[in-house]
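Here is the structure we will look at, set down as structure tokens.
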Amino acid sequence: MKRYNILLIVLLAVLTSCSKIDNTITYSAPKFKKNLEASVRILNNKALLNTPWNMWVVDSVVILNTQSAENNGQFQLFSAIDGAEIGNFGFKGRGDNELTNYMRCAVNVREKSLCAIDNTNRLEVDLRAIATGSQPKMKKSKIAGIPAALHIYHFGDRLLSMGHINPRIALTNGSASDTLSSYNDFPHITTEIDQNATAKVYYYIQSSSYAVAPDGSKICHTTRNGMVMEIFDVNKAGQISLRHIRYFFPTKMKNSMRGADDCVKGVIQTRATDKYIYALYKDTTIADTKSLPKLGVFNWKGDEVCQYQLDAEVIDFAIAEDGSRVCCWAENADGEEYLGYFDLKEI
């Protein structure tokens with residue numbers, strides 16, 4: 001399954017935006033005082049799954065948002081300890097507790113809940129019983145006015161949508177009927193992208209990753225095809241403000257969809273805990289097809305904490321609740337994908 005192309009037509013219809021353009025920005029590669037190595041091991045390489053759209057770890061259970069050749073569920077469950085299949089849930093349709101698609105979804109580890117939305121409905125899933133193999137409790141309700149953003153997050157009775165163009169980030173009530181606050185500025189990428197709304201839509205679909213602290217108080221946005229990191233605060237009143245921005249590598253685009261061969265690949269995926277930001281990234285160019293990714297750990301001030309060099313091609317990952325293990329979706333040298341893991345040393 002190819003990512004980032006599903007909502008393209010919807011987002012291309014939105015051509016209004018604003019940016020701060022600054023060509024005097026200085027780029028500085030991340031520098032970590034502590035560099036470690038991590039060995040990726042197999043958890044399960046037998047399950048017949050598509051490449052996951054997203055993944056999380058809750059109560060030592062890996063949740064993969066993907067389809068299986070062996071069932072009709074939209075979410076596949078595996079043990080984060082031994083990789084055993086636990087079950088699946090979520091079905092596509094228009095019936096009770098069904099959605100027409102599950103692209104926009106998020107897990108709040110602290111609340112042990114999953115939220116997924118389609119164009120008109122919100123599905124809330126209680127994850128507290130998934131470790132036992134029981135079907136989770138679900139509640140479906142109507143929503144209104146949600147932006148066609150690829151990234152969402154939920155906490156309490158609030159819903160964050162991120163990655164749209166106008167508004168770029170929006171905080172609403174749970175039904176999306178009332179916008180509490182929004183943020184609509186963009187970082188400088190290139191002058192062409194900044195000034196061309198269509199180019200901006202393409203770039204931020206293909207090249208954005210968002211992560212939210214479990215309590216919803218902080219947001220991190222990172223990019224691939226170049227590498228930029230933004231950190232936002234969300235105060236108790238719900239106001240969103242930019243706290244910090246770092247420019248690691250410049251963007252060089254071959255066309256509106258692809259980075260140039262000499263462009264640094266940048267961030268593949270970003271995850272967050274209350275304490276840290278975890279960025280899976282490559283600091284090598286797109287022309288370099290042999291390098292393996294690194295996992296950079298940053299604090300919420302955007303400072304480097306430590307870095308892990310991985311020994312396998314990792315596509316996506318999720319952080320265990322205690323921060324000691326990373327479950328990941330990886331690819332071996334033959335191009336075969338599998339569910340894996342690697343352990344993190346104490347930071």
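The values are calculated or read from the model by the stated rules, or taken from the named source; none is laboratory data. These figures come from a predicted structure and were not determined experimentally. Using ideal geometry, Cβ is built from the backbone for each residue, glycine included, and neighbour counts are taken over all protein chains shown. Please note that ligands, DNA and RNA were not included when accessible areas were found on the heavy atoms of the full protein model with its side chains. Shrake-Rupley method; radii C 1.70, N 1.55, O 1.52, S 1.80 Å.
Overview of values
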{"quantity": "Solution diffusion estimate, µm²/s, Stokes-Einstein, region 156-295, Kirkwood Rh from C-alpha pairs, 20 °C, viscosity 1.002 mPa s", "calculated": "136"}
{"quantity": "Those aspartates and glutamates that a straight Cα-Cα span of less than 16 Å connects to K142, excepting residues fewer than 8 apart in one chain", "calculated": "D96, E98, D118, E124, D157, D178"}
{"quantity": "Inter-probe distance in nm under a simple model that places probes 7 Å from Cα toward Cβ, at N71 and L180", "calculated": "3.4"}
{"quantity": "Percent antiparallel among DSSP beta bridges (both partners in the chain, rounded to 5)", "calculated": "95"}
{"quantity": "Radius of gyration and Dmax over the Cα atoms of region 188-227, both given in Å", "calculated": "12.1, 36"}
{"quantity": "Accessible area per residue, Å², the chain with all protein chains present, probe 1.4 Å", "calculated": "43"}
{"quantity": "Hydrodynamic radius (Kirkwood) for region 288-347, which is based on Cα pairs only, to one decimal in Å", "calculated": "12.6"}
{"quantity": "Region 204-304 - charge dipole about Cα centre, Lys and Arg +1 at Cβ, Asp and Glu -1, debye rounded to 20", "calculated": "140"}
{"quantity": "Exceeding the 28 Å Cα-Cα cut-off - candidates K112/K252; K252/K294; K140/K200; K33/K218; K236/K282", "calculated": "K112/K252; K140/K200; K236/K282"}
{"quantity": "Extension gain, T26 back to L242 (0.36 nm per residue minus Cα-Cα distance, nm)", "calculated": "75.9 nm"}
{"quantity": "P(r), alpha carbons of region 251-318 - 10 Å bins starting at zero, rounded %", "calculated": "21, 45, 29, 5"}
{"quantity": "Segment D274-I42, extension gain: residue separation times 0.36 nm, minus the distance between their alpha carbons", "calculated": "80.8 nm"}
{"quantity": "Distance between region 142-176 and region 44-76 - C-alpha centres, whole angstrom", "calculated": "25"}
{"quantity": "Percent accessible area from carbon and sulfur atoms, the chain, protein chains only, probe 1.4 Å", "calculated": "47"}
{"quantity": "S134 versus S79: modelled label distance in nm, points set 7 Å from Cα along the beta carbon direction", "calculated": "2.0"}
